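Here is the structure we will look at, set down as C-alpha cells.
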Amino acid sequence: MKLVYISGPYEGTDEEIKQNIINAKKAADFFVRRGYNVFVPHTNYECCEEREFTKQGRIEILNMCFDMVPRCDVIAFLPGWEKSRGASGEYAIAEIEGIEKIFLTQGQIS
C-alpha cells in the first residue's frame, strides 16, 4: 500500500489554521478512500496550535516533516501550497528524491 504525504499551508490566523487542518483531513480522507496510507503533518502538530511557536520550534517541526517526505511514495499538495515555506521545502525534497507529486484542487477536498 502506498504512503502519501499531505503537504500544504499550516500557519496563519486562528481561522486559517483551523481551515488548513480541515483541508488536510479532507485530503487524507480522499486518499484513504482510494486505498492509500496517509501521513498528515497538520494533525501531528495540531496539539501545538495554542502555544506560541518560537523560531527554534518551527525549525524542529520543519525538520521532522522534511525527514518524513523521502519515506513516502507520493506527496499530495493542497491548494495554496506554493505560499507555504514548509510545503515549498517539501516540494524541493520530492523533486530531489523523485517522489510522485499530486496537486489537489479545492473540488477534490470539498
### Query
Quick one: how many residues across the stretch 73-110 are within 17 Å of residue 26 (Cβ to Cβ) and not small (Gly, Ala, Ser)?
13
### Message
Of the conditions (1) exposed (fewer than 12 other Cβ atoms within 10 Å of the Cβ); (2) at pLDDT 95 or above, residue 4 satisfies every one except a single condition; which number is it?
### Response
(1)
### Message
Scan the stretch 60-76 and tell me whether some residue there is closer than 22 Å to residue 11 by Cβ, at pLDDT below 85 and aliphatic (A, V, I, L, M).
### Response
yes
### Task
Enumerate the pairs (first residue in the stretch 92-110 and under 15 Å from residue 9 (Cα atoms); second residue anywhere and among the basic types (Lys, Arg) and surrounded by 14 or more Cβ atoms within 10 Å (Cβ to Cβ)) with beta-carbon separation below 8 Å, excluding pairs fewer than 6 apart on the same chain, so at least 6 apart or on different chains.
109/26
### Query
If you scan the stretch 69-107, which residues turn out to be surrounded by 12 or more Cβ atoms within 10 Å (Cβ to Cβ) and acidic (Asp, Glu)?
73, 82, 90, 97, 100
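The values are calculated or read from the model by the stated rules, or taken from the named source; none is laboratory data. Small disclaimer: the values here were computed from a predicted structure and weren't measured. All Cβ positions, even for glycine, are placed from backbone atoms using ideal geometry, and neighbour counts span all protein chains on display.
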